[in-house]
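Asker: Below are the structure tokens for one structure; questions will follow.
The values are calculated or read from the model by the stated rules, or taken from the named source; none is laboratory data. Keep in mind the model is a prediction, meaning the values are calculated, not measured. Cβ coordinates were reconstructed from backbone atoms using ideal geometry, including for glycine residues, and neighbour counts include every protein chain displayed. What goes into the accessible areas is simple: the full protein's heavy atoms, side chains included, and nothing from ligands, DNA or RNA. Shrake-Rupley method; radii C 1.70, N 1.55, O 1.52, S 1.80 Å.
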Amino acid sequence: MCNMKKEEVNISSCKRDITVRRVSRPLCFIPYTLYFIFTVFVLTSCHYPRPDLENGKLGAKTRDSLAYLYERHYTWNTNLEVQDDSVTIACLPVKDCYNTLYKGDRVVVAEFAIHPADSVDSVWVKLAHSQEVQGWLREKDMMRAFVPTDSISQAIYLFSDTHASYFIVIFALFVAVWLFRAFRRRQLQMVCFNDIDSVYPLLLCLLLAFSATVYESMQVFVPETWQHFYFNPTLSPFKVPFVLSVFLMSLWLFVIVLLAVLDDLFRLLSPAAAVFYLLGLASCCIFCYFFFILTTQIYIGYLFIAVFVWVFLRKLRSSLAASCYRCGNCGQKIGAKGVCPHCGAINE
């Protein structure tokens, strides 16, 4: 960001020296970056680069393991955990012999097999819970009933669960209605309605909307990239496909902007009003997430995200125009030189 040169004028008022400081007007490049990121996202590859399997230094088992990793997104010794209440695995080649796994049981991928005659799923996976409890399961059933043991993968699974999503929507609607009634009666401050003097809350909603748009775009256009990330998660935005890098960077920016929102809230509002504002902001963020998830599926979400960026730019410009100066006495933002509306000092 670029900072314009500060203008300082020393004046004397009531036998005190007061300095009028022109507020630094940072040029926020984030909205323009969003356009650039979306353009590059469309024009660039979004797949993980495959290793050179023809390398003579790789052993046969290592070569096969890497091939399965980039073809199936998991490989031998991948750790999984049962999420269904119970799962039955077949003790092949022994017929009518089965083992039962229960929710919370952990297994490891031990072997793969291809059954071309199977009309349901030709890929079978051998899972080992212990030396005695092992068995085979169709890959399709394994994907449905198991989740990787990595904490990031389990968080993705929990957040993507249908029932949890419905609960979040109902909770968000309830909080939104309750806050709207409280807002009408008590004139509470909310995002875009009697908002505080800060662009960070709206930017927070914009970042979540952008993250939801990128996430759903991966689900629609490159689902294998997301599936590979699901089995091999990371919080680092480096050494991953560009679209995943954009998604992870937007999440990190969301955390940083959230801290800025908390700082502004508890500086500008009382603790009680700040808590009410946070509840309303959480409802707005949840609404933005589900709205852009649903609209991106039918391709109109990209239009809405462009409109959202335009709204944010207008608010940013009006905020900068309305607060060009800071009072030399109390340090609060003021729109023009003259009498400060906060402390009454004269700024010239």
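Yes or no, residue by residue, for (1) in contact with an Asp or Glu (Cβ under 9 Å, 6 or more places away or on another chain); (2) surrounded by 14 or more Cβ atoms within 10 Å (Cβ to Cβ); (3) closer than 22 Å to residue 233 by Cβ:
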| site | (1), (2), (3) |
| --- | --- |
| 85 | no, no, no |
| 126 | yes, yes, no |
| 137 | no, yes, no |
| 152 | no, yes, yes |
| 159 | no, no, yes |
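Asker: Any chance you could count how many residues in segment 272-317 are in a loop (DSSP other than H, G, I, E, B) and either open to solvent by less than 30 Å² (accessible area, probe 1.4 Å) or in contact with a helix residue (DSSP H, G or I) (Cβ under 7 Å, 6 or more places away or on another chain) (or both)?
Answerer: Taking segment 272-317 first, the residues in a loop (DSSP other than H, G, I, E, B) are 298-300.
Within this subset, residues satisfying the condition of being either open to solvent by less than 30 Å² (accessible area, probe 1.4 Å) or in contact with a helix residue (DSSP H, G or I) (Cβ under 7 Å, 6 or more places away or on another chain) (or both) are none.
Result for segment 272-317: 0.
Asker: Inside segment 235-244, can you point out the residues that are modelled with pLDDT of 90 or more and open to solvent by 40 Å² or more (accessible area, probe 1.4 Å)?
Answerer: Hits for segment 235-244 are 235, 236.
Asker: Which of the helices (runs of 4 or more DSSP H) found entirely inside segment 194-271 contain at least 3 residues meeting this: without any contact (Cβ under 8 Å) to a residue 24 or more places away in the chain?
Answerer: Counting at least 3 such residues, we get 223-231, 242-268.
Asker: Still on this structure, please answer the following. What number of residues within segment 87-118 are open to solvent by 100 Å² or more (accessible area, probe 1.4 Å) and more than 32 Å from the chain's Cα centre (by Cα)?
Answerer: Count: 7.
Asker: Sticking with this structure for a sec: Taking interchain pairs and intrachain pairs at least six residues apart, which have beta carbon atoms under 6 angstrom, with the first residue in segment 62-85 and over 13 Å from residue 107 (Cα atoms) and the second aliphatic (A, V, I, L, M) and at pLDDT 75 or above?
Answerer: Note: pairs meeting the criteria are 84/145.
Asker: Kindly indicate whether residue 50 is open to solvent by 70 Å² or more (accessible area, probe 1.4 Å) and at pLDDT 90 or above.
Answerer: Here the answer is no, as residue 50 does not meet what is asked.
Asker: Among the residues of segment 203-225, count how many are open to solvent by 30 Å² or more (accessible area, probe 1.4 Å) and farther than 12 Å from residue 250 by Cβ.
Answerer: Adding up the residues that qualify gives 5.
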